[in-house]
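For reference, the structure is listed below as structure tokens.
The values are calculated or read from the model by the stated rules, or taken from the named source; none is laboratory data. Predicted model only: the values in this text are computed from it and were never measured. Reconstructed Cβ throughout: ideal geometry from the backbone, glycine too, with neighbour counts over all protein chains shown. Each accessible area value is taken on the protein alone, full model and side chains, heavy atoms only, with ligands, DNA and RNA left out. Shrake-Rupley method; radii C 1.70, N 1.55, O 1.52, S 1.80 Å.
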Amino acid sequence: MLTFVAFAFLLGTSSTFAVPSPANPIYCCVPEQWEGGMEVILATVSGGEPSVMEQTMTISYDFNKKKIAMVAEGYKLVQDYNKMMVYEIVGETKCISSKLEGQMINCIPNNATYLGSFEAGGPQGIKVNDFSLDAFAPGTFGRISFSDVGCLPITQLVAKGGDSAYFDAVGYANIATMIKDPSVFDVPSPPCPKDSDVAVVRKTVYPSFLKCSN
């Protein structure tokens, strides 16, 4: 069973202390509030059988409120770093809640490996800065890119080899530096249980509708 690793996780549960670097402005901080579209393609191989899934959703990020939400049709995932909880709501009757670890950050870690810059779309396109994922999520192989102007997320690639290999490709679009509707972070109760009822600790956040079982 394999799952897409979301950008929300990479800027959410890092154990690395991250601050902007005046000496090197490419190590920037994303806006404290932003939301936009997120297109995900997940390819997996399990038991020699390949599988591909695609999903479009909206991601909302609020560093001031210490909350992140990802929403698709009939699905919502909310990370609440005030309560250190994550809530996964499916439909109107199902909710899975669990504990989070780490801290919510909004800056590229100073020890992140800079991989280079490129012009997305050509010479008249957007300048993009590319980084290794190691500093965001230790032990994770891949890369993540941000716009040079505005420090907005552009793409994310994550890969894992071995018997349960997978490859995630994530693209972000139509990002606005505001939260249109703050209720996107609301967690319905019921169906979500009380925080005290939860005993599971989740170091990563994996939307269940992207899981592949073979």
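What the table shows:
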item: Complete set of residues in segment 103-115 that are more than 16 Å from Lys65 (Cα to Cα) and either open to solvent by 20 Å² or more (accessible area, probe 1.4 Å) or among the aliphatic types (A, V, I, L, M) (or both); result: Ile108, Asn110, Asn111, Ala112, Thr113, Tyr114, Leu115
item: Residue list for segment 33-55, restricted to those being loosely packed, with under 14 Cβ neighbours inside 10 Å and either under 13 Å from Pro182 (Cα atoms) or at pLDDT below 90 (or both); result: Gly47, Gly48, Glu49, Pro50, Val52, Glu54
item: Residues of segment 117-154 that turn out to be modelled with pLDDT under 80 and either surrounded by fewer than 18 Cβ atoms within 10 Å (Cβ to Cβ) or of a type outside the set (S, T, N, Q) (or both), as a count; result: 8
item: Failed item, numbered, when Ile96 is tested on (1) open to solvent by 20 Å² or more (accessible area, probe 1.4 Å); (2) touching a strand residue (DSSP E or B) at 6+ places or on another chain (Cβ under 9 Å); (3) over 25 Å from Met57 (Cβ atoms); result: (3)
item: Qualifying residue in segment 77-92 (condition: open to solvent by less than 50 Å² (accessible area, probe 1.4 Å), in a loop (DSSP other than H, G, I, E, B) and in contact (Cβ under 8 Å) with a residue 12 or more places away in the chain); result: yes
item: Output for segment 64-76, where each listed residue is open to solvent by 40 Å² or more (accessible area, probe 1.4 Å) and touching a residue at least 12 places away in the same chain (Cβ under 8 Å); result: Asn64, Lys65, Lys66, Lys67, Val71, Gly74, Lys76
